[in-house]
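Trainee: Please find one structure pasted underneath; my questions will follow.
The values are calculated or read from the model by the stated rules, or taken from the named source; none is laboratory data. Just so we're clear, the structure is a prediction, and the values are computed from it rather than from any experiment. Virtual Cβ from ideal backbone geometry, glycine too; neighbours counted across all protein chains shown. Side chains included, ligands, DNA and RNA excluded: accessible areas come from the protein's heavy atoms. Shrake-Rupley method; radii C 1.70, N 1.55, O 1.52, S 1.80 Å.
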Amino acid sequence: PSRMGLPALALLLAAGLLNTQASPPARSFQLDFEEDCFRKDGAPFRYISGSIHYARVPRPAWRDRLLKMYMSGLSTVQVYVPWNYHEPLPGVYDFAGDRDVEAFLDLTAELGLLVILRPGPYICAEWEMGGLPAWLLWKPDIVLRSSDPAYLAAVDSWLHVLLPKIKPRLYQHGGNIISVQVENEYGSYYACDYEYLRHLLGSFRALLGSEVLLFTTDGSQVEELRCGTLQGLYATVDFGPGSNVTEAFGAQRRVEPKGPLVNSEYYTGWLDYWGEAHASTSAGRVARGLEDMLQLGANVNMQPLSPLPWPGADFKDQYKPVTTSYDYDAPLSEAGDPTEKLFAIRTVISKFQPLPVGPMPPATPKYAYGWVALQKYADLLDVLDVLCPSGPIQSQFPLTFEAIKQAHGFVVYHTRLPRDVLDPATLGAPPHGVCDRGYVMLQQEYQGTLERDGQTTLRVTGRAGDTLDVLLENMGRISFGANISDFKGLLGNLSLDSSPLSNWLIYPLAIDTAIQQGWPHAALPKSSRGGRAGPAFYTGTFETPGITWDTFVKFPGWSKGQLWINGFNLGRYWPRRGPQQTLFVPGSVLHAGRPNNITVLELEGAPLNPFLLFLDRPLFNRTLSRSTAVTK
């Protein structure tokens, strides 16, 4: 510099070509243990974030949902990556269409949002088996979420596919991902295996580099934080509006005496279980809790900010399957509409930082397409040739879904009565032997349903050689709680007056595949028996008046089953159990100008006049047990 004139030196300094102490560091996102905050590019930084599940939002609606989050004043979104959504079979990966996580992340960057990534391998999120693929259970003695070598090998091969897609999108590398969570609420799992967490830490560091901020999330109980945290991973907590904010952050301070305060999952609502009242949390409570945290200088992620069907189940003294709708009483409804709660949150955020300029995007248009008549197409037992083209598996005794490599959906177990049963005999399963519901047909006549943690016996009569068929349904694998090795199907022998039945033919059904390929609409008409009871397919079509707006479908008089429109699986209906009375139909699955094909699989009994009713709003809150909303 001694030979250089001062003006030239000034120009170099202005251009940042001389690296002096004063220049800010290159792109960085770090912990500051002195000032108890995050630092982004060297400056103190606090995030206010919301969770969004790209896997639960149809791809055409991604931009709309993200824009609404941005306009709410959020700087950051938290994104889960469900492993089983992307690796349906070992070594078979799917990142196309709705599953294109890279396109989703690119969209967040385009809209100016930062990302907190939660790649698991376990994510909970009330998602089937917490995001772990069901094929892990093909090895029956595997210990999930532990240092079991079989489990770690599967995890590592997945991380080697996923994390290289993530690395170039890290903040340090010019992307927008500021931090990455390792595992999820591991302290709530019985295994408490530090070797497992250490292994994950090593894999994440090897694949993402040494600079990215890695963290854990746990509840605020001492035991949860003891088993869920590890040196080298920044420990954060999660809690909801009912909690004492000071106490909950006090729990984080016991494991992280210095550094930013973080609530990684501030629950803005709660999920619904079938047969229980619709959960709701008031906007006022949510807003007050948020304001209390922000006043402490804390970083907050709201869970979820925006709510398709991969519901799991919880185990709280009994099996509790989660409803299809992930509405969760969230600030953005399942249809992506801003709610009173969203505006209350936005008002709180505005007290702490400026909001983006411009209007909140409006609710998406909805349309009530009205009544649509359906016709019975066929009883399920009459179309096994289509649904199980490879034919049945023969077995002396029943095999689980996992033993026959069936991940989801339905399996038929077929045998014959070994003797005349003239006086009613008890057809029964051992406790916990039916996972999760079994629809029983004798001579193709529906007899009733066997249910996990419910009715496990039926009284039957018949003749030697009469056919006995049991259609088994997987209602979702446990996603949270002590034991997530949740095997499906008939887990023990069915018996007749306590003598075991044998010689089974087992049909794994590929219903989704058949319907995606145009069945039954493209197939020849079947002559079906007239009865309304038992598992059967119903079909119908409707045309839209030249629009494809979102809608909600109601099932008047139907019992329980599944709905597809234009080959797209829209989830389960179960109006008798409730609380969910309608299924959300995103406009993106509908056609304008040609018929929309409806397929319904009704499992127990269709109404005399089988109609569906398309509405312009959702219905919740009718349950068998009670009809008042509960506040969690």
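Trainee: Net charge near T548: determine it from the other residues with C-beta under 15 Å of the C-beta of T548, scoring Lys and Arg +1 and Asp and Glu -1.
Mentor: Net charge around T548: -1.
Trainee: Using a 1.4 angstrom probe, figure out how much accessible area the range 41-351 has per residue, in square angstrom, rounded to the nearest whole.
Mentor: Spelled out: the 1.4 Å probe surface of the range 41-351, per residue, equals 30 Å².
Trainee: Assigning unit charges at the beta carbon (Lys, Arg +1; Asp, Glu -1) and nothing else, what dipole magnitude in debye, to the nearest 20, does the chain show about its Cα centre?
Mentor: Computed charge dipole of the chain: roughly 960 debye.
Trainee: For P362, what charge total do you get from the other residues with a beta carbon under 11 Å from its beta carbon, if Lys and Arg give +1 and Asp and Glu give -1?
Mentor: Value of the local net charge: -1.
Trainee: Can you pick out the pairs among K68/K351; K165/K341; K68/K366 whose Cα atoms lie more than 26 Å from each other?
Mentor: K165/K341
Trainee: When the dipole is taken about the Cα centre of the range 390-509, and only Lys, Arg (+1) and Asp, Glu (-1) are charged at their Cβ, what size is it in debye, to the nearest 20?
Mentor: 200
Trainee: Candidates (i) 175; (ii) 149; (iii) 564; which is the computed volume of the Cα convex hull per residue in Å³?
Mentor: Computed from these coordinates, volume of the Cα convex hull per residue in Å³ corresponds to label (i).
Trainee: Which Cys in the chain stand alone, with every other cysteine's Cβ at 4.7 Å or more from theirs?
Mentor: Lone cysteines by the Cβ rule: C37, C124, C388, C435.
Trainee: Hey, can you find the accessible area per residue of the range 390-509 for me, probe 1.4 Å, expressed in square angstrom?
Mentor: Roughly 39 Å² per residue, with all protein chains present.
Trainee: Another one. Which is farthest toward the positive dipole end of the range 452-575 among P525, I547, F487, measuring Cα position about the Cα centre, with Cβ charges +1 (Lys, Arg) and -1 (Asp, Glu)?
Mentor: My answer, from the dipole projection, is P525.
Trainee: Here is a follow-up. Using a 1.4 Å probe on the protein heavy atoms, what percent of the accessible area of the chain belongs to carbon and sulfur?
Mentor: Solvent-exposed carbon and sulfur of the chain make up 54 percent of the total.
Trainee: May I pose another question? Quick one: how many Å² of Y70 are accessible to a 1.4 Å probe, rounded to 10?
Mentor: Answer for Y70: close to 80 Å² accessible.
Trainee: For the charge dipole of the range 41-351, defined by +1 on Lys and Arg C-beta atoms and -1 on Asp and Glu C-beta atoms about the Cα centroid, which residue among L200, H173, T246 has the Cα displaced farthest towards the positive pole?
Mentor: So the residue we want is H173.
Trainee: Let me ask something additional. Among S51, G462, Y446, which residue has its Cα positioned farthest towards the positive end of the charge dipole of the chain, with +1 placed on the Cβ of Lys and Arg, -1 on the Cβ of Asp and Glu, and the dipole taken about the Cα centre?
Mentor: Going by the Cα projections, it comes out as S51.
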